[in-house]
Amino acid sequence: MAAVTPDQLHGHHAPGGVMRWLTTTNHKDIGTMYMIFSFIMFLSGGVLALTIRAELFKPGLQVVQPEFFNQLTTMHGLIMVFGAIMPAFVGFANWMIPLMIGASDMAFARMNNWSFWLLPPAAILLIGSFFAPGGATAAGWTLYAPLSVQMGMGMDMAIFAIHIMGVSSIMGAINIVVTVLNMRAPGMTMMKMPLFCWTWLITAYLLIAVMPVLAGAVTMILADRHFGTSFFNAAGGGDPVMYQHIFWFFGHPEVYIMILPAFGIVSQIIPTFSRKPLFGYASMVYATASIAILSFAVWAHHMFATGMPAAGQLFFMYATMLIAVPTGVKVFNWVATMWRGSLSFEPPMLWATGFIFVFTMGGFTGLICAIAPIDIQVQDTYYVVAHFHYVLVAGSLFALFAGAYYWLPKWTGHMPSEFLGKLHFWCSIVFFNITFFPMHFLGLAGMPRRIPDYALQFADFNAIASVGAFGFGLSQLIFIVVVVKCIRGGERAAARSWESAEGLEWTVPSPAPYHTFEEAPVVR
Amino acid sequence: MGRAGRIAALCLASSVSLAHAEPHARYNLQQPVTGIAEQINDMHTLMLVICLFIFVGVFGVMFWAVFNHRKSKGAVAAHFHENTAVEIAWTIIPVLILLGMAWPATKTVIAMKDTSNPDITVKATGYQWKWGYDYLQGEGEGIRFLSALSTPREQIEGSAPKGDAYLLEVDHPLVVPVGKKIRMLLTANDVIHSWWVPAFGVKQDAIPGFIRDAWFRADKEGVYRGNCAELCGRDHGFMPIVVQVLSAEKYAAWVAEQKAKAAATVSAAPPAEADSAPPAAPDKG
């Protein structure tokens, strides 16, 4: 990574060579490194996804063998979740939270450097596990025991990588909590804070709460694999389903870790381009907190097929359905913000509007999956694959792109190309739907997920999905062009780069100077 | 996005109307052959319709704003940013809608869990990568066999044309009588598998070291196909489930035939079971 980052940022600001990036404690440098890292991971995970789609283009085995196919699906999930989406949001937090609350930097600047530089070794371990004897882990990103206990040493590398990334996330989260709580400019009360800071504050608490749980789960697998324990082995008095309970106690809040900051970004963008204040600010804050709290009480909806007692199924079904209420409030608030606004659709707004539209479709399928009897039919099918790609790609990823287009002027000092931004958006949303919409049909009709080959009646929708996936993958290359052009030059961005953009980040020049708010601004 | 919306609406509508038009489900859940699967289908249709209404409502408003409240059309922004009555309404109304959804779902969950008083009990054991069936109680008690994929390797590798039931065919299907309550006991020998027959509305994980149960009562004779639904290693995609539902007479004949076969091989285990099935007395005949 060290060889890559300085090259790509050449000429950004003050010179310094490799050592500058290795030793930097500047939140902007670190934010930039997080984002470049996550984009590289995004492309790596994307290559795995396209290999999967190539294999699934038609029935029969053509491209890869089943064992390697399972490695691909597993690593695609792990890389996208832990390498792409989560670090990307941390990058946004690093860049934007100090600028939004009027702080000079993150609270623990040196720890911030350490949180980032843990990630490249973890990524090397994870991707390097493909070359280990036996290949990468093929147990699915959920790493269910006892299958994960059967795996080769690629599994141990993945476990160690997860440990390192977990440490990185926890340190990043502590940094964000402390920064938001202690370093706000005078006059910026909690309820005046930009919503992005609020969603990240709540997300950071979720991270601190659940990353240790994941670390515990994978450590128990490690012990079962090598130290003769039987946490998940019934023959030794353990329980394989216990792993799933522990994993999903992490896993469900993790889902919200990946979407709450996206809600924050969208809540910054919609008011700007509606030229109207955010509707229901307080209810947005309460809704975010409700989602976070509920997220700890719904984990077993991932496990309806394990055979819980009726009371357990009903509890987790009701709790899960309840999440639709605060999520609905958010969508209604965004729509109410747009209502009777003065809308314009520059790339950030296009992405944000696209986010609301497509993410909500993922919300509907989530509600359908919440109904336990229906979930029995669609659990572990392509319906679920469609559902979580609607919320993670069209949700988290689209919001990340929205945020990137929104703040690129602040980061680079140049406006991103409006034409390319719109092209990127339209290609992405069209190909996204071509890829993932047919998967609903596949899942309903009975195609299981994580299979390298399928029955003939699934052939046509799989072919459509594969074509869409390649279109979607190639569309993402447009973003590289946009960013490189934006760094190199283009229309100069004003301090307030978008008409009627509100917030402290728009009071500093574009690009933001290396050090900002050395003296705290006073809010109101 | 307007186009995407229309496509989505069309697809939702067609998924409802085409449900019963084709032998293979294309847009919707497979044709149900048990009461539970029927209830699940109805619930899914109800959910789709409710979601469609909400979809049209929310995005009707949003796209109205997108097309009409544009700066380029001279729209001037209003300045409201809260409305307690509206905010309470759009919190309470969804709760009421959810209650309406939860009611039928609760009844079905309770019905699905009622495995009492079966006519026949069959234990299914998941192996990497096949299923073993043991008839434990009821007509056919004592019959046991393994059930593995029967699709030839050449079809998978593409050197032979693929058959109609490609990857959904086995050497020895599970055989059950029509109209009888069948209780399935599920367990596994190595890792977690999942026994899934979509037409029955049954999906139950098979967990090594534990026994879970599920039940179905097939209303129609026929052959019903499903897959292992929990990632279980290399050949996860190659361990289908086939259930043959027979009339009472045909089932009795099948049972007699199996018993005769078992009697013919009294001391030796049937060849299909020779290597991996756990030892047990095969001579019930």
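Residue check: B:ILE92 meets all listed conditions (1) closer than 20 Å to A:ALA319 by Cβ; (2) buried (at least 17 other Cβ atoms within 10 Å of the Cβ) but one, namely (2). There is at least one residue in the range B:168-187 that is in a strand (DSSP E or B) and at the interface with chain A (Cβ under 9 Å from one of its Cβ atoms).
Among the residues of the range A:199-206, is there at least one that is among the β-branched types (Val, Ile, Thr) and without any contact (Cβ under 8 Å) to a residue 60 or more places away in the chain? No, there is no match, as no residue in the range A:199-206 is among the β-branched types (Val, Ile, Thr) and without any contact (Cβ under 8 Å) to a residue 60 or more places away in the chain.
Counting residues in the range B:214-230 that are in contact with a helix residue (DSSP H, G or I) (Cβ under 9 Å, 6 or more places away or on another chain), more than 20 Å from B:LYS180 (Cα to Cα) and basic (Lys, Arg) gives zero.
With respect to (1) within 14 Å of chain B (Cβ to nearest Cβ); (2) touching a residue at least 12 places away in the same chain (Cβ under 8 Å), the lone exception for A:ASP239 is condition (2). When A:PRO98 is tested against (1) more than 14 Å from chain B (Cβ to nearest Cβ); (2) surrounded by fewer than 24 Cβ atoms within 10 Å (Cβ to Cβ); (3) farther than 23 Å from A:ALA161 by Cα, just one condition goes unmet, and that condition is (2).
Residues that are free of Cβ contacts under 8 Å to residues at least 40 places away in the same chain and more than 21 Å from the chain's Cα centre (by Cα): does the range A:87-108 have at least one? For the range A:87-108, residues free of Cβ contacts under 8 Å to residues at least 40 places away in the same chain and more than 21 Å from the chain's Cα centre (by Cα): absent. Of the listed requirements (1) surrounded by fewer than 24 Cβ atoms within 10 Å (Cβ to Cβ); (2) among the hydroxyl-bearing types (Ser, Thr, Tyr); (3) assigned to a helix (DSSP H, G or I), A:TYR243 misses just one: (1).
Might you check whether a residue that is away from chain B (no Cβ under 11 Å), more than 29 Å from A:THR320 (Cβ to Cβ), in contact (Cβ under 8 Å) with a residue 12 or more places away in the chain and surrounded by 24 or more Cβ atoms within 10 Å (Cβ to Cβ) occurs anywhere in the range A:393-404? Among the residues of the range A:393-404, at least one is away from chain B (no Cβ under 11 Å), more than 29 Å from A:THR320 (Cβ to Cβ), in contact (Cβ under 8 Å) with a residue 12 or more places away in the chain and surrounded by 24 or more Cβ atoms within 10 Å (Cβ to Cβ), which makes the answer yes. Only one entry in A:GLY354, A:GLY328, A:GLY366 is within 7 Å of another protein chain (Cβ to nearest Cβ) and within 17 Å of B:PRO94 (Cα to Cα), namely A:GLY328. Exactly one residue out of A:MET75, A:MET41 is under 16 Å from the mean Cα position of the chain (by Cα) and either under 13 Å from A:ALA136 (Cβ atoms) or not in a helix (DSSP H, G or I) (or both): that is A:MET75.
Can you work out which of the residues in the range B:201-219 that are farther than 12 Å from A:GLY446 by Cα and either assigned to a helix (DSSP H, G or I) or at the interface with another protein chain (Cβ under 7 Å from one of its Cβ atoms) (or both) is farthest from the chain's Cα centre (by Cα)? Here the residue is B:GLY209. Reported count of residues in the range A:486-503, each being more than 23 Å from B:LYS71 (Cα to Cα), in contact with a Pro (Cβ under 8 Å, 6 or more places away or on another chain) and surrounded by fewer than 21 Cβ atoms within 10 Å (Cβ to Cβ), is 1. Can you find a residue in the range A:289-296 that is within 9 Å of chain B (Cβ to nearest Cβ) and surrounded by fewer than 24 Cβ atoms within 10 Å (Cβ to Cβ)? No: the range A:289-296 contains no residue that is within 9 Å of chain B (Cβ to nearest Cβ) and surrounded by fewer than 24 Cβ atoms within 10 Å (Cβ to Cβ). The residue list A:MET151, A:MET188, A:MET171 contains one member that is touching a Gly at 6+ places or on another chain (Cβ under 9 Å), closer than 24 Å to A:VAL81 by Cα, among the aliphatic types (A, V, I, L, M) and touching a residue at least 12 places away in the same chain (Cβ under 8 Å), which is A:MET151. Scanning the range B:146-167 for residues that are part of a strand (DSSP E or B) and touching a helix residue (DSSP H, G or I) at 6+ places or on another chain (Cβ under 6 Å) yields B:LEU146, B:LEU149. Within the option set A:PHE432, A:PHE470, A:PHE437, A:PHE419, being crowded, with 24+ Cβ neighbours inside 10 Å and either away from chain B (no Cβ under 12 Å) or among the hydrophobic types (A, V, I, L, M, F, W, C) (or both) holds for one residue only, A:PHE432.
Scanning the range A:247-255 for residues that are more than 13 Å from chain B (Cβ to nearest Cβ), more than 29 Å from A:SER396 (Cα to Cα) and surrounded by 18 or more Cβ atoms within 10 Å (Cβ to Cβ) turns up nothing.
For the range B:93-125, taking the residues that are more than 10 Å from chain A (Cβ to nearest Cβ), touching a strand residue (DSSP E or B) at 6+ places or on another chain (Cβ under 8 Å) and not in a strand (DSSP E or B), the one that is farthest from B:GLU139 (Cα to Cα) is identified as B:THR115. Within the range B:153-167, work out how many residues are among the acidic types (Asp, Glu) and either within 7 Å of chain A (Cβ to nearest Cβ) or within 24 Å of A:THR381 (Cβ to Cβ) (or both). Adding up the residues that qualify gives 2. Of the numbered criteria (1) aliphatic (A, V, I, L, M); (2) surrounded by fewer than 18 Cβ atoms within 10 Å (Cβ to Cβ); (3) at positive phi, the one B:ALA160 fails is (3).
Bear in mind that the values in this text are calculations on the coordinates, not laboratory data. Since the model is a prediction, treat every value here as computed from it, not as a measurement. So basically every Cβ, Gly included, is an ideal-geometry build from the backbone, and we count neighbours across all protein chains shown.
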